[in-house]
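Asks: Let me begin by handing over the structure; questions about it come next.
The values are calculated or read from the model by the stated rules, or taken from the named source; none is laboratory data. Keep in mind it's a predicted model, so treat the numbers as computed, not measured. Reconstructed Cβ throughout: ideal geometry from the backbone, glycine too, with neighbour counts over all protein chains shown. When the accessible area is computed, the model is the full protein with side chains, heavy atoms only, and any ligands, DNA or RNA have been set aside. Shrake-Rupley method; radii C 1.70, N 1.55, O 1.52, S 1.80 Å.
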Amino acid sequence: MIKENLEHLYLQIARFAKKYQRLPEDINLIAVSKSQPYEKIISALDYGQIAFGENYLQEALIKKKLVKQFSNLNPIWHFIGKIQSNKIKLIAENFDWVQTVCNLDTAKKLNKCC
């Protein structure tokens, strides 16, 4: 079912890209993988999905480790949850992107950790 869902989404992206005069390859699909088992992430990777969004730090760290252990593919990880100041360092060290910076102080701390 993952393959079919991704194919459907890629077709939709292509249609919207054409409608709005964009290139489909310039549009990034981030699959929200929170609360999903690592096996589904690997399956999605196998079908071409490379960007994944997580909002629970501890859960994401476990999944990242398992995906790395059982797949040769390297996903791009996005943190999409609320950022607690005591977790900024771990978020900076373990995610390629942070989508949910809500204030300047958090942005400065993230920047310092990068």
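Asks: Highest first, please rank the peptides 84-91, 30-37, 19-26, 48-55 by the mean number of other Cβ atoms sitting within 10 Å of their residues.
Replies: Per-residue Cβ counts within 10 Å, averaged per peptide and sorted highest first, yield 48-55, 30-37, 84-91, 19-26.
Asks: Label ILE76 and ILE50 with points 7 Å out from Cα along Cα→Cβ: what is the distance between them in nm?
Replies: That separation, rounded to one decimal, is 0.7 nm.
Asks: Let me ask something else. Please report the accessible area of ASP96 (heavy atoms, 1.4 Å probe, ligands and nucleic acids excluded) in Å², nearest 10.
Replies: About 90 Å², ignoring ligands and nucleic acids.
Asks: Sticking with this one: Per residue of region 72-86, what does 6.51 cos²θ - 1.76 cosθ + 1.60 with θ = phi - 60° give for ³J(HN,Hα)? Whole Hz please, x for Gly and Pro, Karplus curve as stated.
Replies: 8, 8, 10, x, 9, 9, 10, 8, 10, x, 5, 9, 8, 4, 6
Asks: Separate question: Please give the residues of region 1-29, grouped as numeric ranges, whose backbone N is less than 12 Å from a label point set 7 Å along the Cα-to-Cβ vector of TRP97.
Replies: What the label zone holds, given the 12 Å backbone N cut-off, is 26-29.
Asks: Let me ask something additional. Between LYS68 and LYS87, what is the label-to-label distance in nm when each label sits 7 Å out along the Cα-to-Cβ direction?
Replies: 1.9
Asks: If I ignore ligands, DNA and RNA and count only protein heavy atoms, how much of LYS108 is accessible to a 1.4 Å probe, in Å² to the nearest 10?
Replies: Per-residue accessible area (LYS108): approximately 130 Å².
Asks: Separate question: Greater than 23 Å separation of Cα atoms is the criterion. Which listed pairs, LYS40/LYS112; LYS18/LYS40; LYS34/LYS65; LYS34/LYS68, meet it?
Replies: LYS40/LYS112; LYS18/LYS40
Asks: With 5 Å bins from zero, work out the P(r) of region 58-110 over every alpha carbon pair and list the percent per bin.
Replies: Pair shares across the bins are 4, 18, 31, 21, 13, 8, 4, 1.
Asks: What net charge do the residues around ILE13 carry, taking every other residue with its C-beta under 13 Å from that of ILE13, with Lys and Arg at +1 and Asp and Glu at -1?
Replies: In short, +1.
Asks: Classify the chain as rounded, prolate or oblate from the Cα gyration tensor: take a ≥ b ≥ c as the square roots of its eigenvalues, call it rounded if a/c is under 1.5, otherwise prolate when a/b beats b/c and oblate if not.
Replies: oblate
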